[in-house]
Structures are given as C-alpha cells and as structure tokens.
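The structure under discussion appears below in the form of structure tokens.
The values are calculated or read from the model by the stated rules, or taken from the named source; none is laboratory data. Only a predicted model underlies this, so the values are computations on that prediction, with no experimental measurement involved. All Cβ positions, even for glycine, are placed from backbone atoms using ideal geometry, and neighbour counts span all protein chains on display.
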C-alpha cells in the first residue's frame, strides 16, 4: 500500500494560475485544495487511513459513509427535512 492516498497531489498553483510559495494539498477525489489537517489523513499520519477515516476517499471509491450511516432508507422527516 502506498504511503499516501492515491487522490492526494501537492500543487504550487491554483486553477486560476495563482502561484503559492509552498505546495498545498489537493484532493483529486473532490477536485479541491484541502486543509492541512485533512492532508494528515491523506498522508496516513497519526495512524489515520483514508480507507476508513476520509469521507472524500470513501465517496470516490463507493465505500459508503465513515459512520456507516449514509441516510439511505430514511424519510425526509427523519433526515431533518419537511
């Protein structure tokens, strides 16, 4: 297994061409830059693993919710809707 999540990239420029002084973590699963704390999950630091600890990874892989609750089978009133 690789040392980092397959969806993690480090980028020095944004989509608008803006350059950054340092590389920033970018998640290709959601096509967005992510916060450094989230990148800790991507980099598998502190015994974190994207397969079990990242909803972006799990969503991209079709693995379901981290909590095991994805809202399927609930009514609108149970989900907080009207």
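Results, tabulated for the structure shown:
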{"quantity": "Filter result for the condition that a residue is modelled with pLDDT under 90, over 22 Å from residue 10 (Cβ atoms) and in a helix (DSSP H, G or I), over 65, 52, 77", "calculated": "52"}
{"quantity": "All positions within region 14-35 that are within 16 Å of residue 59 (Cα to Cα), assigned to a loop (DSSP other than H, G, I, E, B) and in contact with a strand residue (DSSP E or B) (Cβ under 8 Å, 6 or more places away or on another chain)", "calculated": "28, 34"}
{"quantity": "Only one of 11, 38 that is surrounded by 11 or more Cβ atoms within 10 Å (Cβ to Cβ) and part of a strand (DSSP E or B)", "calculated": "11"}
{"quantity": "Test: residue in region 22-33 that is at pLDDT below 90 and at negative phi", "calculated": "no"}
{"quantity": "Leading residue by the ranking (surrounded by the most Cβ atoms within 10 Å (Cβ to Cβ)) among those in region 42-51 that are in contact with a helix residue (DSSP H, G or I) (Cβ under 8 Å, 6 or more places away or on another chain) and farther than 26 Å from residue 16 by Cβ", "calculated": "50"}
